[in-house]
Each structure stands twice: as structure tokens, then as C-alpha cells.
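To start, the structure itself, in C-alpha cells.
Taken together, the values in this text are just the output of simple stated rules run on the coordinates, not laboratory data. All values derive from a computational prediction rather than experimental measurement. So basically every Cβ, Gly included, is an ideal-geometry build from the backbone, and we count neighbours across all protein chains shown.
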Protein chains: 4
Amino acid sequence: MGTKSIAVIVGSLRKESCSRKIAENLIALAPPSLALDIVEIGDLPLYNLDLETDAPPQAWRRFRDRMHAMQGLLFVTPEFNRSVPGALKNAIDVGSRPYGKSVWGGKPGAIVSGSIGNIGGFGANHALRQSMVFLDVPLLQQPEVYLSGFDKLIQADGTLLPVTAEFLGKFMQAFAAWVDKIARP
Amino acid sequence: MGTKSIAVIVGSLRKESCSRKIAENLIALAPPSLALDIVEIGDLPLYNLDLETDAPPQAWRRFRDRMHAMQGLLFVTPEFNRSVPGALKNAIDVGSRPYGKSVWGGKPGAIVSGSIGNIGGFGANHALRQSMVFLDVPLLQQPEVYLSGFDKLIQADGTLLPVTAEFLGKFMQAFAAWVDKIARP
Amino acid sequence: MGTKSIAVIVGSLRKESCSRKIAENLIALAPPSLALDIVEIGDLPLYNLDLETDAPPQAWRRFRDRMHAMQGLLFVTPEFNRSVPGALKNAIDVGSRPYGKSVWGGKPGAIVSGSIGNIGGFGANHALRQSMVFLDVPLLQQPEVYLSGFDKLIQADGTLLPVTAEFLGKFMQAFAAWVDKIARP
Amino acid sequence: MGTKSIAVIVGSLRKESCSRKIAENLIALAPPSLALDIVEIGDLPLYNLDLETDAPPQAWRRFRDRMHAMQGLLFVTPEFNRSVPGALKNAIDVGSRPYGKSVWGGKPGAIVSGSIGNIGGFGANHALRQSMVFLDVPLLQQPEVYLSGFDKLIQADGTLLPVTAEFLGKFMQAFAAWVDKIARP
């Protein structure tokens, strides 16, 4: 069974975001059967069907081309206003079109959400799950990952607290098994 | 009791969108106690905390200034991938910041969702409600408005089918009563 | 402005439940404009339309009669499997019928959710909110109450930790103001 | 690959419920790799941890024993008040306990929701999905099944309208493939 390519999509756009740092650590924790790569979403123009011409925005095309080549999906996102950030939802919308050419369908996925406070991004996590039903992305159910105190899980050198690293390492093992079961060869 | 200013926020960006046409009809149906005005969201850069400097993007400032002056909120939105469009969620995020200066808090709101198929944008409608809890926007509960067959409710001359006009007229009456009860003078 | 009668509905049926203890403390914290009383739901037969005859179950009648006399609603609930307990949902269903005779409509409501872990019953809280839209119960939006570490907030003598008491006292003030604004005289 | 046993759980308790009739038709439409059987939930006492003794209610034991023997899950449910009926949520709660002995974990599942009106039970469908994340039930994502006009899909002789039969036949094929991929042998 060969290595599977996994798109890592980070919900926050700021440079020093907790989500990005968590994502980088998840990449380091991944078992060898997964090749993870962050796919950027910050330059995608807001979805507008009027732009879906023969020459859609260059950034949309770049994003869609990269995503089509991917075999699995890992979302790492903060919660904004009890849901996913607009930037992440916009990437989902851009990737879902044009009609019949979605980049998402059938690819195994998993979600890591987090927030500064206690709630661990629960609202964002499940809002994203609702979209993934329509987009036909089979999601890893357990372990659920809700990271509370998002900003305190990362040490000064950028690595995770040991207890978080252990938990997220197990999560990545479960995700790799899920990808093996679901991904197209 | 004076006229209240209501921001109408349209979830779809395309020019000829059903949401915009419905919004225009809702403006025409509004009782005299409400002054409705569409506030555009299509030019808002994706929210990114790194841009929240002394000079944030001009479009963010314009949007925030207009929204601060409003006394109530009417959302008219399609469903994209079982949730609100990324563009609408982005506007919500932009309006919620900077911390402590949200444009949303305490203003009475109502939601109209729609979709081409049967489901009437139920997923978008309730995803938006979840964000409005955090943003402290008291929402009109009944009548719920889920417009199915979104594209068939508008006649060639741009007006609504009579049955839809009657239903949405009653909805606007209920919204006006809600605004009277909740809005700050 | 007279005292308003508020039904307190506790989502957990076990005798020593955290929800019940929190509910009792909320009753003690209530400002004088609210008269709170727990309405029991543990003896309600599962809703079944076939039982909706001229002589529906006695427990349904008792519940409906008591609830009809109430002017507001306070839900205090744990999370079971990322949603409200079946017992609570059943009480909501029983109270919503027969058609046209719902006990819920138009009464101001508020929600306190909790869980042993970090998430504070977020899933239960918002699942309940979704039902309250249909049932036309205007809900207090802020402060949201998600009690994490539910079982550690109550001291040996049954009273709340001071920090929790202070937070919930403010919540009860906000709820009382909400009831004043919304409740029918 | 042998036949897999699938529990069919019907959300409505009334005898002549649309959900039950749809469930019976789904059983008839199932491909030979699936052996479907309705597991009754109407006699389950409301979940109460105080009853979780050495001798829990007989109905709980019967339900749990039958469910433990099942390899997959098919939910067929109406929407009550924008969520699953209390009776169905109660069955989920009963099956999830005692701690560490859930009947649900790891079994492939699918959901059919319906309502008399247009919305097709969308609220119930996704409320159920949220619980299934926690319970580690991998769900079929597509085709989603939202049955609108629930009561008009079944003919006088109890069979489905041809167009509905065709759609649900395809759904059962997709479910069978999902079970093959996920179910433990």
C-alpha cells in the first residue's frame, strides 16, 4: 500500500496562528503512509458564480489543481463566532465547484479544531462536518479532537506539550488507518 | 416610535442571485417602521488578524462604519454546501472584530434562507443562528423562512409569486414587531 | 411589573445529578422578579401519537397543565452523546402537542448546559436551541452558559464555588431582564 | 463476504408511521449482502443512571443484547421539533451505556429522514449525525436521504412510488457497499 497524499487545510490566515503550528506538528507526527502538505487558502477570491467563466481566478485554478491531486484531507481550524472561519468556508465553496468537478468527493478526511477557551472549537468542528456530508467526504469519527487552551499547547521551540503530542500521535495513527480503508489507490 | 434602520445582508455575490432579488422584494414589503438597506459584503478581504493594524483594509472600515449605524439585521442567504456561503461568514467575522467592537451585539435579527431544491437552505439558516448566539443577536424565531425552489418564486418582472409575497409580507410584519421589542431607540 | 413564573427543566433524571444541583442553586440566585420551580419530566411516557386520544397519559396531562401556567423557561441539562438527553427531548415533544396546543410558544427561555469534561455541553446547548426555533421560544443569547468540569463546581454543602456563583448570578440577572422584555404579562 | 446483520431503528412509535412503512420498504429493497431487522425502541424506559445497577430494566437488556449482535445500523426517522424524536434519542442513550459497553461503536451506519413538509427532516438527520460522531459510527455521506412529503410516498398497497423506490434502491446499494468497506467480519 503506497503513500497517500494528504492536503492539510489551515483555517486561520494569520502567520503565527495556533492552527498552523498545530498543523506543522501534525505533519511531523504523521506515520510514513501519509505524505502531508499544507495547501494555502488565503489568496482565494470570495466565491462568486459570475467569475466561473472560461477563465476563473488564477488562485481558484491553482487551488483546485492541487486539491484534485490529493487523496485525503486534514482540516486544522480555530473557531470564529461558533463556526468555521469565513476563509475556510470559502475554500470549501471554491473547491466544490464548478458543478460536477468538486475536489472533495470520496476523499477520507479528519478534523482538528481548537479555541483559546474551554470549548475546543466544538462549533467549528461540527459545522465543518455538516458541509462534509454534502461533499461526500467520509470523516474519521474517533478520536474527536477538540483542543482547548489552544495557545498553551505549543512550547517556546514550536513543539507540542508532551501530553498533546501523545494524544495527537494516536489521532494520526487512527487517521492513517482511516485513509487506508477509504482512499482510492 | 421612530423608524429603525435595518441592514440587509445578502449571502450570494452573483449579480442576478435569487437572494438579492428576494432581498429587494423584502425591502418593498417592509412596513414603514423599518428602513432597510443592502450592505455589500463582496469586497471584504478575508479576515486575517495580521491585517487588524492601525490601518485595516479600507473595505473592512467601510463595512464596520455602516453596520455600526444600523439598528437591526436581516440576512437573506442561499445555502452553499449545507452552510452559509464563505462570503457571508467572512462578513460576520469581519464585523465581529476588533475585540470589543463588534457591529452585531444586541441588534434584533431575522433570517431568510433558500435553495433551488426542497430543503430551503435549512443548513445555512441554522448554521447562521449558531453564530448569532455568540454575537448576541436576538433572532426572530417564528415564522421560520425556508424558501424551496428558490429560483421559481420570482416572476419575469422581478416581483414575487403572490403566495410568496403574502407569506413574506407576514414575515416582515413579525420582524417589525420583533425590532420594536428589541431594538435600542 | 409582577413576578414571572419560570419552569426549570432538568435534563438528567438521576437523583444526585449535577444538573439538578445547579438548578437548585440557580433558583436560589434568582432575582425577586422570577419565581422558579422545577417541573419534573422523568415520568413522561415516550411520545407516541397513538396515545394522543381523548384520554392521553396522565403524566402528559399533568406536565402540560403545569407548563401552560408558566411564563418562562430555564433549561439545565447535561450532554448525552453530543446532544440533549432523550428524556429532555421527549419532554419537549410531549409539550409541543397536540397540534396547536404547544406549551412552549412565545415564552422567553434560557439554557444552561454542562459536562464533566471540557466542552461544557456545547452540543446539547445548540441542539436544544435548534428545537426552540421551531417552538417559537425566544432565547437569551448572552451570556452563553457552558459549564465544564460540571461535577467540580458544587461544594460539599451543595453550594456553588464562589466564581461559579458570581457568573451564574450575572446570568440570572440577564435572564430576568430578558423575561421582562419578552414575557406576556 | 458473508451477509451482514443490520439493525433498522425506526424513530416514530405510532403503529402506522411513515417511518415504519419506509423502513419496511427499505428492508424489501436491500441487496442480499444485508440482512435487515427492525429493533424496537418503544418500550425502553427513559435513561437514568440510577437504574444502571446489577439488574437494569429488562427492556434495556433486551435492546442491548440484540444490538450487540448487529453489524450495521440503519436509522429511519421523522423530525420532531427540528431534531430526532425523544424516543430515538433515548434509544441512543440507552445503547451507549454502561460506560465502555456501547452497542454502537465502529458499526457502519446510514440515515433516512423525512417530514410531511418540504424540509425532509434535515434537522433530525444532522442532529443524529452529531451523536454518531461521539459514538464512533462511520456514516454513509452520499446519497443523503431527505424525504419530503413523507406521507405521500407510499401507495395504498404499502409500496413506494416508483420514483422513490428507484432512489431508495440506489441508496441501499450505496449503503451495502459502505457496510462491506467498514463492517467487522
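Brief remarks follow.
- Annotation: average projected area of the protein assembly as shown is 33.2 square nanometres, based on the convex hull of Cα atoms across all directions.
- Cα-based shape type of segment B:106-185, given that a ≥ b ≥ c are square roots of the gyration tensor eigenvalues and the cut on a/c is 1.5: oblate
- Amide hydrogen neighbours beyond the local backbone of A:I116, cut-off 5 Å, H modeled: A:F150
- When the pairs A:K170/D:K101; C:K89/C:K170; B:K4/B:K152; A:K107/B:K152; A:K181/B:K89 are compared against a 24 Å limit on Cα-Cα distance, C:K89/C:K170; B:K4/B:K152; A:K107/B:K152; A:K181/B:K89 fall above it.
- Among B:T53, B:I116, B:S102 the positive-end extreme of the charge dipole of segment B:1-128 (Cβ point charges): B:I116
- For C:Q58, the label point sits 7 Å beyond Cα toward Cβ; its separations from the matching points on the remaining copies run 2.2, 7.6, 7.9 nm, from shortest to longest.
- Counting only whole DSSP H helices of chain D, the ones at least 24 Å long by C-alpha along their axis and with mean Kyte-Doolittle hydropathy no lower than -1.0 are D:162-182.
- Fraction of the pair-distance distribution of chain C above 24 Å, Cα-Cα pairs, percent: 34 percent
- For segment C:100-105, backbone phi angles converted through the Karplus equation (6.51, -1.76, 1.60; θ = phi - 60°) give residue-by-residue couplings of x, 10, 4, 7, 8, x Hz, Gly and Pro being listed as x.
- The same position D:R184 in the other copies lies at 3.1, 5.4, 5.8 nm from this copy, comparing label points 7 Å beyond Cα toward the beta-carbon, shortest first.
- Positive-end extreme of charge dipole, segment D:49-185 - chosen from D:N125, D:H68, D:G169 (charges on Cβ): D:H68
- Distances in nm from A:D151 to the matching label points in the other copies, shortest first (labels 7 Å along Cα to Cβ): 3.2, 4.6, 5.5
- Chain B, helix-only ellipticity at 222 nm - DSSP H runs n ≥ 4, -39,500 (n - 2.57), divided by all residues, nearest 500: -11500 deg cm²/dmol
- Cα-based reach from C:K15 at 17 Å (exclusive), listing aspartates and glutamates while leaving out same-chain residues under 8 positions away: C:E24, C:D37, C:E40, C:D43, C:E79, C:D151, C:D157, D:D50, D:E52
- Considering only chain B, percent of DSSP beta bridges that pair antiparallel, nearest 5: 10 percent
- Summing Cβ point charges (Lys, Arg +1; Asp, Glu -1) relative to the Cα centre of the protein assembly as shown gives a dipole of roughly 0 debye.
- Here the dipole of segment B:4-182 is about 140 debye; that uses its Cα centre as origin and unit charges on the Cβ of Lys and Arg (positive) and Asp and Glu (negative).
- With contacts taken as Cα pairs under 8 Å and at least 6 residues apart, chain A reaches a relative contact order of 25 percent.
- Max mean-square fluctuation residue, GNM over chain C, Cα-Cα springs under 10 Å, options C:L36, C:L46, C:L73: C:L46
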